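Only the coordinates and a few stated rules stand behind these numbers; no lab work does. This one's a predicted model, so the numbers in the text were calculated from it and none came from an experiment. In this analysis, Cβ positions are derived from the backbone assuming ideal geometry, glycine residues included, and neighbour counts consider all displayed protein chains.
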Amino acid sequence: MTYNLNTGAQKRKKPFEPDLDFVKVHRALYTLYTQIPGFTADHVLMYIVLMDYYNTDYGYAFPTKWQLALRMNCGENKPSQTARLLESCGLIKVKSLGRGKNHVYYVYAPITDPAKFYERFPEVKAHYDGREAAFEERRARHRAQDEEERVPDEPIIGIATDGTPITSADFF
């Protein structure tokens, strides 16, 4: 059992945290990079798959397009489409070995500092802030509708013999 150094309390572990057979990736992939227009869970998945295929002896990953398509559960063209955005974001570099041959994928660490990320992708901050404002506006609208639709609770004026509450609405 480990202890939290700040509080002295027992530190809990997630019951599903893997000890073996896992791929480490930066949280920035789904906290920062998913703010880029068009960057979806498919891009994060492909990055994770490429990290899994990454060969430290060679310094790159070299899965076939078929292996990528199978691991990503998609069609054979999706990995190359997905790779284009990953490459434009600086997360990978794809090198072709010639017609009909395998590609190699150089995988790079994502930018994890938000200030540096927004410096590299300045248009993303405005886009994300706009989306966040639109979601907040919708959330406020839904809250207002919920308040309008809420029926005030009728005061209980008695209890029936079966134990259910009786309100004035029961008589009118």
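Structural remarks
- Cα-based values for region 26-172, radius of gyration first and Dmax second, are 26.4, 85 Å.
- Segment GLU137-LEU97, length gained on full extension (0.36 nm per residue, minus Cα span): 9.4 nm
- Residue-wise HN-Hα coupling along region 78-85, computed from phi with Karplus coefficients 6.51, -1.76, 1.60 (Hz; x: Gly, Pro): 4, x, 6, 5, 5, 4, 4, 6
- Sparsely packed GluC sites (Glu not before Pro) within region 49-151, loop by DSSP, other Cβ within 10 Å at most 14: GLU76
- Rg over Rh for region 40-118 works out to 0.97, both radii taken from alpha-carbon positions and Rh defined as the Kirkwood radius.
- Amide proton proximity set for TYR60, modelled H, under 5 Å, gap of 5+: ASN55
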